[in-house]
Amino acid sequence: MSKFTAGLNPEQRAAVEATRGPLLVLAGAGTGKTRVITHRIAHMLAHGVPASSILAMTFTNKAAGEMKERIAKLAGRKRTEALTVGTFHAFCVKSLRQYGDRVGVRKAFGICDADDQLVAMKQALRELQIPETQIQPKTCLSRVSLLKNQLISAEQCAASSDDWEADIGRAYRRYDESLLASGLLDFDDLLLFMVRLLEDTRTLTEFQKRYKYLLIDEYQDTNGPQYEIVKRIGGKHRNVCVVGDDDQSIYGWRGADVTKILNFEQDFPEAKIVRLETNYRSTAEIIKGANAVIRNNKSRHEKALRAAAGTGDAIVTRKLRDEEMEALFVVQDILHRASEDREPLGEFAILFRTQVQPRLFELQLRQHYVPYNLVGGMSFFDRKEVRDILAFLRLVANPADELSLLRIINTPPRGIGATTVKNALAIAAKQRMPLSEVFARGIEFKELQPNAVREAARLIESLKSLQHLASGSGLVELVKRLVREVRYADEIKRCYSDAATRSKRWEAVNEIMNMAEIHAHHGSEADLTSFLEDVTLNANDDRDEEQTSKDRVTLMTLHSAKGLEFGQVYLVGMEEGILPHIRCIQDGDIDEERRLAYVGITRAKRRLTISYTASRARYGDRLNSLPSRFLYEMLGKKPPAQLIEKAGKALSAAVGGNGKKPAAKKKPPTRNRSKSR
DNA sequence: GACTGGGCGCTTTTT
DNA sequence: GCGCCCAGTC
């Protein structure tokens, strides 16, 4: 037994030792998945597999960081340096920076975030004269994202016989064109262009030569392009290890395709399968409840968790009069348990399905002076100042970036209103000239306000003059000069009269400078492009660290709870219409909701409390609520058929009967229908 | 630009 | 019922 298999259970050991050939590790919640992954890699390194031939991909930066850290601890930092461990997206960015020109991507491409995407999509819809009332930019974006994640092209979509869908396809194409013209890729494009890159035989061979061992974490979350990447690179040597849990697939709505993990054996018929079913996290009662719920899902890899820990308290289910009482009960119970069990507040979590639920809990927590963290919501990178400064920086790095230019063209105000922008865009289109050039040479065009345009030209000029600092060690200097150059301090003064707000806003600007400072001293590449890339790809990192580490009660959605664990968990709003959510009931997508419930239950180590109400305010009405079918399942009972029927009807009536006729609604085809075809 | 009124829509969210 | 976003107005 090697150093890296000692102390593992037989299944874990089997997974660690199966280093050659395809391997599917079905790792139930709390079964030591990360342990297996890290030990497996350490084991491979110890047996002479060169670190540079291993490619390990995850979905989040956090997971990648943890993996790297833990492997380094096991195998030594030096030995792990040459490993490639990172998110799919980071890997694609790196590869595209190197070979992007082979698929028509300029090497200095920028990555556009959700905000830029929205601007671009709005523009696309406007150009196509599709009114926003007909297709909402946000809806269109998420639809396009889903299409991209399913490897469906704009052309395919535009050819749809459904008018709505065909319009989406046209918007999709226009949107892509405008991003490409701006030298930008969105998150989905990173994966798509990587797939294209791997369609080139020469490049594919290079990648196959370099990466002989693949490891994919959270494989149940794999979407179309990610799957293609794995299949292509791993198709040759077939040392593909995928780890995941089909029962925890909760991102189907954004393109994750659970069939990929269900059908792994079809892609790799010689695959070995290891099931990790011993749960080291929760008490027997909690595991029993989790099993009882998930058992009801139809298509899944058959497995059941066994609790390694002994028995504990029974799962508590509690019915409350309404949502206010629910919040009060939970908060009082937390205080009670915290003192009774001498448990720090950091061990408590309140988990909910939707973002409207936490309000009342926050209120109660405040009233009881209980410190808490609400995970999610506004990020540092959503702040106006941060977005502004980053837009300026993007423009320095990539003058073609039209979206960033539009964002800051009148910030601080320099007299360029909507009309000037519209005219400038028209000129740019007519003359086939980059928008920045139109502004830079603005004086030549009599359609444009001379005074305003002179200011814009000056701005573009000064951004250009900062370009020489963009490479190498000038990064910090660049940010500082930029902030001064555009007089951002004055802008903050102008916008906010109150001193406290001003200093708070300025803090954000300072923080960017700090980040630049850190970045400049961190890696080998300290240039502007790599800084922007880092900021865009790691936008959420620092916060969740902070948000979970302190001794505070955690409030978060079931989705963000995946992968975490807490001593005591409160699963709230366990009602028909919330969990399972009404939309999923209507669409008949109950299985993913059941997995969500399963994820929630399995977060708890020692104690799980589930609450539901007798009545709840929804859409301005007060409705009688019904306990979730998952509650019945958990107790080993069949949910009464009439409950489900009744719940469906009552809720549909409430949603549809909210003053407007459902028939008056623009007819977006139901999600379900368009998704499955 | 700042303000205001009307209309709409109302799951989940990482990269 | 509430909040957000947009368009229109001054």
*Does residue A:38 satisfy the condition of being under 18 Å from residue A:281 (Cβ atoms), touching a residue at least 24 places away in the same chain (Cβ under 8 Å) and among the polar types (S, T, N, Q)?*
yes
_Quick check on segment A:106-128. Is at least one of its residues within 16 Å of DNA strand B (Cβ to nearest atom), more than 27 Å from residue A:387 (Cα to Cα) and touching an Asp or Glu at 6+ places or on another chain (Cβ under 9 Å)?_
no
*asked:* Which condition from (1) more than 16 Å from DNA strand B (Cβ to nearest atom); (2) in a loop (DSSP other than H, G, I, E, B); (3) free of Cβ contacts under 8 Å to residues at least 24 places away in the same chain is the one that residue A:356 breaks?
replied: (1)
*asked:* touching a helix residue (DSSP H, G or I) at 6+ places or on another chain (Cβ under 9 Å), modelled with pLDDT under 90 and more than 29 Å from residue A:349 (Cβ to Cβ): is that true of residue A:636 in this structure?
replied: no
*Please give the helices (runs of 4 or more DSSP H) falling wholly within segment A:253-310 in which 2 or more residues are free of Cβ contacts under 8 Å to residues at least 24 places away in the same chain and buried (at least 16 other Cβ atoms within 10 Å of the Cβ).*
A:284-294
*Only residues that are in contact with an Asp or Glu (Cβ under 9 Å, 6 or more places away or on another chain), within 25 Å of residue A:310 (Cα to Cα) and of a type outside the set (Val, Ile, Thr): list them for segment A:575-621, please.*
A:595, A:597, A:598, A:603, A:604, A:605, A:606, A:607, A:608, A:611
*Give A:85, A:119 a once-over and let me know the one that is within 16 Å of DNA strand C (Cβ to nearest atom) and β-branched (Val, Ile, Thr).*
A:119
*Sole exception among (1) surrounded by fewer than 23 Cβ atoms within 10 Å (Cβ to Cβ); (2) among the small types (Gly, Ala, Ser); (3) more than 13 Å from DNA strand B (Cβ to nearest atom) for residue A:604, by number*: (1)
*Quick one: count up the residues across segment A:130-163 that are in a helix (DSSP H, G or I) and at pLDDT 85 or above.*
15
*Does residue A:402 satisfy the criteria of being of a type in the set (Asp, Glu) and either surrounded by fewer than 20 Cβ atoms within 10 Å (Cβ to Cβ) or touching a Phe, Trp or Tyr at 6+ places or on another chain (Cβ under 9 Å) (or both)?*
no
*Set A:221, A:186: member being within 18 Å of residue A:55 (Cα to Cα), within 13 Å of DNA strand B (Cβ to nearest atom), among the charged types (D, E, K, R) and in contact (Cβ under 8 Å) with a residue 40 or more places away in the chain*: A:221
_Among the residues of segment A:98-126, what is the count of those that are free of Cβ contacts under 8 Å to residues at least 40 places away in the same chain and closer than 24 Å to residue A:214 by Cα?_
1
*Since residue A:635 meets every condition but one in (1) crowded, with 18+ Cβ neighbours inside 10 Å; (2) in contact (Cβ under 8 Å) with a residue 12 or more places away in the chain; (3) more than 15 Å from DNA strand B (Cβ to nearest atom); (4) not basic (Lys, Arg), which condition does it not meet?*
(1)
*Filter segment A:600-623 down to residues that are of a type outside the set (Ser, Thr, Tyr) and within 16 Å of DNA strand C (Cβ to nearest atom) and give me whichever is farthest from residue A:317 (Cα to Cα).*
A:620
_Near pairs, Cβ below 7 angstrom, 6+ apart or cross-chain, from segment A:606-621 (farther than 19 Å from residue A:356 by Cβ) to any residue that is aromatic (Phe, Trp, Tyr) and more than 16 Å from DNA strand B (Cβ to nearest atom)_ = A:609/A:570
_The listed residue being over 28 Å from residue A:407 (Cβ atoms), more than 16 Å from DNA strand C (Cβ to nearest atom) and of a type in the set (Ser, Thr, Tyr), out of A:95, A:145_ = A:95
*Any idea how many residues of segment A:171-191 are among the hydrophobic types (A, V, I, L, M, F, W, C), surrounded by 22 or more Cβ atoms within 10 Å (Cβ to Cβ) and either more than 23 Å from the chain's Cα centre (by Cα) or assigned to a helix (DSSP H, G or I) (or both)?*
4
*In this structure, does residue A:394 turn out to be surrounded by 19 or more Cβ atoms within 10 Å (Cβ to Cβ), outside any loop (DSSP other than H, G, I, E, B) and of a type outside the set (Gly, Ala, Ser)?*
yes
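The values are calculated or read from the model by the stated rules, or taken from the named source; none is laboratory data. Just so it is clear, the model here is predicted, and its values are computed rather than measured. A quick note on method: Cβ atoms are made from the backbone with ideal geometry, for glycine too, and the neighbour counts reach across all protein chains shown.
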